[in-house]
Amino acid sequence: KNQVEQSPQSLIILEGKNCTLQCNYTVSPFSNLRWYKQDTGRGPVSLTIMTFSENTKSNGRYTATLDADTKQSSLHITASQLSDSASYICVVSAGRFPTGGGNKLTFGTGTQLKVEL
Amino acid sequence: DVKVTQSSRYLVKRTGEKVFLECVQDMDHENMFWYRQDPGLGLRLIYFSYDVKMKEKGDIPEGYSVSREKKERFSLILESASTNQTSMYLCASSSPRLAGRGETQYFGPGTRLLVL
């Protein structure tokens, strides 16, 4: 069974500090891995995507890493801001549906990040 | 920018009622999806559609049906709502024409449904 596990479940940090969120997955076959940000009461928004051959991808203050051998990914947030308070969801694609109707995704349960003054 | 809208942000229904959740996307995407999101569980796929009038069951289709009569609109139907269907429902869309970007799924804001 395909699974995505994230840690920690929740995290509180002070504004300006850095933090790292973890994602471990057992998804086969592996196609790509994304990190999504979900603000409270809103739908998830894609931050980064990495394929098998990529081991790092940045999007502003967000840097994602991927180790396909150990099936681990991390999301590093630099110089956190209050607006970074959200749930961060790791999503792994196991390729396309047989009908071709998009990618078959397995979602982690998310890390709830709170940034405080 | 892709815009995915959902007809309601909050809904309160009674057990046994028929419930319609509507989703509209404005980017001419072929694929549309319905998920539910519950605390402690990741998003789970209910149904998806890869073309008008075409649909496929996801991981948890029981108690739900869908309709896609137009490309831009995808409806989720709860034939007889039950309390265990209280959840956040998220609609998403994607296009294989954008597969170079890993065929990103773009999500709507969600509908929080409470069944009493």
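Considering only the stretch B:79-90, I want to know if a residue exists there that is facing chain A (nearest Cβ under 8 Å), part of a strand (DSSP E or B), in contact with a Phe, Trp or Tyr (Cβ under 6 Å, 6 or more places away or on another chain) and modelled with pLDDT of 95 or more. Yes: one or more hits. Looking across the stretch A:50-76 at every residue that is out of contact with any strand residue (DSSP E or B) (no Cβ under 6 Å at 6 or more places or on another chain) and not in a loop (DSSP other than H, G, I, E, B), the one that is farthest from the other protein chains (Cβ to nearest Cβ) is identified as A:Asp67.
So is A:Asp84 away from every other protein chain (no Cβ under 14 Å) and open to solvent by less than 30 Å² (accessible area, probe 1.4 Å) or not? The answer is yes for A:Asp84. Taken over the stretch B:36-50, the residue count meeting the criterion of being at pLDDT 90 or above, within 8 Å of chain A (Cβ to nearest Cβ) and open to solvent by less than 20 Å² (accessible area, probe 1.4 Å) is 4.
Take B:Val24 and tell me if it is open to solvent by 10 Å² or more (accessible area, probe 1.4 Å), more than 10 Å from every other protein chain (Cβ to nearest Cβ), in contact with a Lys or Arg (Cβ under 6 Å, 6 or more places away or on another chain) and of a type in the set (A, V, I, L, M).
yes
Of all residues in the stretch B:51-102, those satisfying the criterion of being open to solvent by less than 60 Å² (accessible area, probe 1.4 Å) and of a type in the set (Ser, Thr, Tyr) are B:Tyr64, B:Ser65, B:Ser67, B:Ser75, B:Ser82, B:Thr86, B:Ser87, B:Tyr89, B:Ser93, B:Ser94, B:Ser95. For B:Glu62, the requirement of being without any contact (Cβ under 8 Å) to a residue 12 or more places away in the chain, more than 10 Å from chain A (Cβ to nearest Cβ), part of a loop (DSSP other than H, G, I, E, B) and out of contact with any strand residue (DSSP E or B) (no Cβ under 7 Å at 6 or more places or on another chain) is met. Of the residues A:Leu47, A:Leu33, the single one that is in a strand (DSSP E or B) and out of contact with any Lys or Arg (no Cβ under 9 Å at 6 or more places or on another chain) is A:Leu33. Among residues of the stretch A:35-46 being within 20 Å of B:Ser94 (Cβ to Cβ) and without any contact (Cβ under 8 Å) to a residue 40 or more places away in the chain, the one that is nearest to the other protein chains (Cβ to nearest Cβ) is A:Gly43.
The values are calculated or read from the model by the stated rules, or taken from the named source; none is laboratory data. Just so we're clear, the structure is a prediction, and the values are computed from it rather than from any experiment. So basically every Cβ, Gly included, is an ideal-geometry build from the backbone, and we count neighbours across all protein chains shown. What goes into the accessible areas is simple: the full protein's heavy atoms, side chains included, and nothing from ligands, DNA or RNA. Shrake-Rupley method; radii C 1.70, N 1.55, O 1.52, S 1.80 Å.
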